[in-house]
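Contents: one structure, followed by commentary.
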Amino acid sequence: MHPAPVERLPAGLARRIALAAQGFAEPRPSTDIGIRQLRRLVDRLAVVQIDSVNVLSRSHYLPAFSRLGSYPRAALDDLTARRHAVFEYWAHEASFLPVRLHPFLRWRMAAAEQHAWGNMVRLQRERPGFVAEVLERVRAEGPLKAGDLLDGPRERSGEMWDWHAGKVALEWLFFTGEVTATHRTTSFEKVYDLTERVLPADVLRAPTPEPADAVRELVRTAARALGVATERDLRDYFRLTPVAARTAIAELADAGQLLPVEVTGWGGAAWLDPAARRPRWIRARALLSPFDSLVWERPRVERIFGFRYRLEIYTPAAKRVHGYYVLPFLLGDHLVARVDLKADRKAGILLVQAAHGEDGIDRRAVSAALAGELRLMADWLELDDVAVCGAGDLAGELARASAPARADVGA
């Protein structure tokens, strides 16, 4: 029996498949956006990365805005913090995930010593009694913040995030799945409670799959979210090990649940979700968080879009090329520009601190579309104005496009 021929996909089609899988092939809703649309989006993406940087907006709010347009952020809070249709865990990074995936990540919870950070593992090994005391305190007192466990002056840990011992203990318990996040405070502090008191009962009752079966489901989920992907893309979505991901891909391919393809210009094997949409065009207009699942893996962004993108938050200001918090701008099926944005909440202004366009774009058309998206974002963030500060090769054109229209004066 001969293997089926490998399909060859043009690069443009692969790009449109990837965008459709990520939710950019559909027009934004023309009606009010609520829980139903947000739940559907989280189910589609499977992973919504969390980050604490708040220079513009908490990053987990941005993917829904990019795809759906203006929506009430309180509705996403409701989905995560009250309905608990979404739970928080370490997936790609710190992430919100649909609760259906909880059983498929229990193998990671059970193997915390292999996957957790050094300070968490060290505390559990060196002070297991303290970790047990923290768990009992959560059990007895109910939801707790790390700050509730800070008695007296804190000891500096020397770790990157400089967590105190109580925070480290809670994060160990969070990694093992004994506690989970019930919600985040307005200052973004995580509130922990026993998992059994937070997640829906049917999720808790769901059987725990064997690790190999769980990894296979995670790869299948990643394939649906990506549309077409390399092995590295598939394993990166949930930060799986190469061996486990490779095995899962082979098994899914044998079952016909992944199709081998070659994409023009990719230079290696790729895999296609058999159910992936193949749109003839994409008419998207979106600003993308640096932590959006469309752009978080920079080699994939460069391969699909020819767009070199680096996060410069931790780069010294004098050495930054494009800015501190830079969002790529998607227009149609191309990334055509990038803007460094800041929400000046006190002044009520969305600041465009830099704007750069890609080579070969229609600068006037891109600036007009980008100005419209910035105005929409400002309204969504409840800011009064958009101000383009002047840095970057697209700033002048964007400033003109963003200027308010003036009525004719005089007879």
### Query
Among Ala317, Ala354, Ser402, which residue has its Cα positioned farthest towards the positive end of the charge dipole of region 310-402, with +1 placed on the Cβ of Lys and Arg, -1 on the Cβ of Asp and Glu, and the dipole taken about the Cα centre?
Ala317
### Query
Of Ala206, Ala244, Ala276, which is the most mobile in a GNM of the chain whose springs link Cα atoms less than 10 angstrom apart?
Ala206
### Task
Run the dipole for region 148-269 about the Cα centre, Lys and Arg Cβ at +1, Asp and Glu Cβ at -1, nothing else charged, and hand back the magnitude in debye, nearest 20.
220
### Message
Of the candidates Glu382, Glu196, Glu141, which one comes out as most mobile in a Gaussian network treatment of the chain with C-alpha springs shorter than 10 Å?
### Response
Glu141
### Query
For region 310-402, what class follows from the C-alpha gyration tensor (a ≥ b ≥ c being the square roots of its eigenvalues): rounded when a/c is under 1.5, otherwise prolate if a/b is larger than b/c, else oblate?
oblate
### Query
Hey, got the dipole for the chain? About the Cα centre, +1 on K and R Cβ, -1 on D and E Cβ, debye to the nearest 20?
660
#### Entry: Cα-centre dipole for region 116-199 with unit charges at Cβ (Lys and Arg positive, Asp and Glu negative), debye to 20
120
### Summary
Checked the chain with the C-alpha gyration tensor, a ≥ b ≥ c its square-rooted eigenvalues, rounded below a/c of 1.5, otherwise prolate if a/b is larger than b/c and oblate if not; verdict oblate
### Query
For the chain, what is the relative contact order in percent, using Cα pairs closer than 8 Å and at least 6 residues apart in sequence?
17
### Query
Can you give the calculated 222 nm mean residue ellipticity of the chain, where each DSSP H run of n ≥ 4 adds -39,500 (n - 2.57) and the sum is split over every residue, rounded to the nearest 500 deg cm²/dmol?
-11000 deg cm²/dmol
### Query
Under the Karplus relation 6.51 cos²θ - 1.76 cosθ + 1.60, θ = phi - 60°, what is the ordered set of whole-Hz ³J(HN,Hα) values for region 121-136, x standing for Gly and Pro?
5, 5, 5, 4, 6, 8, 9, x, x, 5, 4, 5, 5, 5, 4, 5
### By average C-beta atoms within 10 angstrom, highest first, the peptides 319-326, 219-226
219-226, 319-326
### Summary
Net charge near Ala255 (other residues with Cβ under 12 Å of its Cβ; Lys, Arg +1; Asp, Glu -1) is 0
#### Entry: Carbon plus sulfur fraction of accessible area for region 116-199, probe 1.4 Å, in percent
48
### 10 Å binning of all Cα-Cα separations within region 180-237, expressed as whole percents from 0 upward
20, 26, 35, 19
### Message
Quick check: from the Cα gyration tensor, does region 1-140 come out rounded (a/c under 1.5), prolate or oblate?
### Response
oblate
### Task
Output ³J(HN,Hα) for region 139-147: one whole-Hz value per residue in order, computed from phi by the Karplus curve 6.51 cos²θ - 1.76 cosθ + 1.60 with θ = phi - 60°, and x for Gly and Pro.
4, 7, 9, x, x, 10, 9, 4, x
### Message
For region 1-43 and region 287-304, what is the centre-to-centre distance using only Cα atoms, to the nearest Å?
### Response
15
### Message
Quick one: 3J(HN,Hα) in Hz for region 177-186, Karplus 6.51/-1.76/1.60 with θ = phi - 60°, rounded, Gly and Pro as x.
### Response
x, 6, 10, 9, 8, 7, 5, 10, 6, 5
### Task
Send over a whole-number figure in Å² for the accessible area per residue of region 116-199, probe 1.4 Å.
52
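The values are calculated or read from the model by the stated rules, or taken from the named source; none is laboratory data. From a predicted model like this one, the values you see are computed outputs, not experimental measurements. Note that each Cβ is placed from the backbone with ideal geometry, even for glycine, and that neighbours are counted across all protein chains shown. We work out accessible area using only protein heavy atoms, side chains counted, and drop any ligands, DNA or RNA first. Shrake-Rupley method; radii C 1.70, N 1.55, O 1.52, S 1.80 Å.
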